[in-house]
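The values are calculated or read from the model by the stated rules, or taken from the named source; none is laboratory data. As the structure is a prediction and not an experimental result, all values here were calculated from the model. Here Cβ is always computed from backbone atoms with ideal geometry, including for glycine, and neighbour counts include all displayed protein chains.
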Amino acid sequence: MKKKMLILFSLLLSISLLLVACGDTDTQLQLGTGSPGGTYYPLGTEIANVVSAEIDGLSISAVSSGASVENLSMIGQGEMDLGMTVHIPAQEAVNGEGAFEAPVENFGFIGHIYPEVMQVVTTKNSGITSIADLAGKRVAIGPAGSGTQAAAKLILEAHGIQDGDYTEFAEGFGNAAGQLQDGNIDALFGLLGLPASAVTELALNRDIVILNIEGEALDYILANSEYGHLEIPADAYDFLDAPVSTVTAYAVLVGSLDTIDEDLGYNITKAMFENATNVTHDQAQHLTIENALNGSEGLPFHPGAEKYFKEIGLK
């Protein structure tokens, strides 16, 4: 009898624990970010944790990926629920342009995260003084499918440099920084927050410079893309002696229309913006209601995000 009671008790306990576990994580979502050495992955991990903590039954896992284009493609294929992306590839995804052979129709804008700034880095003793000097050099242009790579190719093209005119390394910024430090590459592109901790860390180990994007090349980029012009202030990094002319875009969060319904989309948007102060990453300072719609031009809104923005008077 005691043995039967013990078996029954164990069975009931197992069932109750299973029910509790299921209740704790009713919904599990994946957030596509970027390479670990960039801005997306550490910032996305924090955002995922903060939002998950605010919504009962929700668990968001940040996943390292190839960033913008890959995240959008995976949402389109039903393999990702949320994605961080530069707003320009997101526009291309909507229209079936650029890296996208057909429109991606199942995602919506959830909110602006931070401004992304192109930083083209080389060492002081490399002899490279302009982007035009990268012809024939070993250059890390970012992972395939990333906003960094798409921007890097456009910038090189603006300087008369085509594929094959240089040795291409499709590395994330963290790995590329290590390669530059070890002398295995000559320069690297990074579409990053400003300041970027990876750039600061690299400057501790090597004397580096950030190359200007200016003149006719800048005019070409502005005329043929949605990138904007920005000057990196001289006080952004200790190693800068003067402002640096470059281009900028917006990092935004998008979500699947298939796996995230209006209510969940509303809750995610609300939790992200109203608890942004709990995100400690430097770039979270830009995660504000005032900036929330930056980068939304030309993008469909997720119904849940649209509901939240209307509620607070932004739409």
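Counting only residues that are surrounded by fewer than 19 Cβ atoms within 10 Å (Cβ to Cβ) and either part of a loop (DSSP other than H, G, I, E, B) or in contact with a Gly (Cβ under 6 Å, 6 or more places away or on another chain) (or both), segment 203-215 holds 3 of them. Ser256 fulfils the conditions (1) of a type in the set (S, T, N, Q); (2) outside the structural domain of Asp133 (by TED's automatic domain parsing); (3) under 30 Å from Ala176 (Cα atoms) except for a single criterion, (3).
Comparison of Ala62, Ala67, Ala93, Ala99 shows that the only residue that is on the phi > 0 side of the Ramachandran plot and assigned by TED's automatic domain parsing to the domain that holds His302 is Ala67. For segment 283-299, a residue qualifies if it is surrounded by 17 or more Cβ atoms within 10 Å (Cβ to Cβ) and either outside any loop (DSSP other than H, G, I, E, B) or not aliphatic (A, V, I, L, M) (or both), and the qualifying residues are Gln283, Ala284, His286, Asn291, Asn294, Gly295, Ser296. Going by the conditions given, is Leu156 out of contact with any Cys (no Cβ under 6 Å at 6 or more places or on another chain) and without any contact (Cβ under 8 Å) to a residue 40 or more places away in the chain? Yes; evaluated as a whole, the condition is true for this residue.
Taking the stated definitions as given, is Glu171 in a loop (DSSP other than H, G, I, E, B) and under 29 Å from Leu293 (Cβ atoms)? For Glu171, the condition - in a loop (DSSP other than H, G, I, E, B) and under 29 Å from Leu293 (Cβ atoms) - is not met. Candidates Leu204, Leu188, Leu192: the one that is closer than 26 Å to Met84 by Cα and either modelled with pLDDT of 95 or more or among the acidic types (Asp, Glu) (or both) is Leu188. Here Ile128 passes the criteria (1) surrounded by fewer than 19 Cβ atoms within 10 Å (Cβ to Cβ); (2) assigned to a loop (DSSP other than H, G, I, E, B) except the one numbered (1).
Taking segment 6-95 as the region of interest, the strands (runs of 3 or more DSSP E) fully inside it that hold 1 or more residues being surrounded by fewer than 23 Cβ atoms within 10 Å (Cβ to Cβ) and modelled with pLDDT of 95 or more are 27-32, 58-63. Within segment 181-202, being part of a helix (DSSP H, G or I) and either over 27 Å from Ala284 (Cβ atoms) or of a type in the set (Gly, Ala, Ser) (or both) holds for Gln181, Ser197, Ala198.
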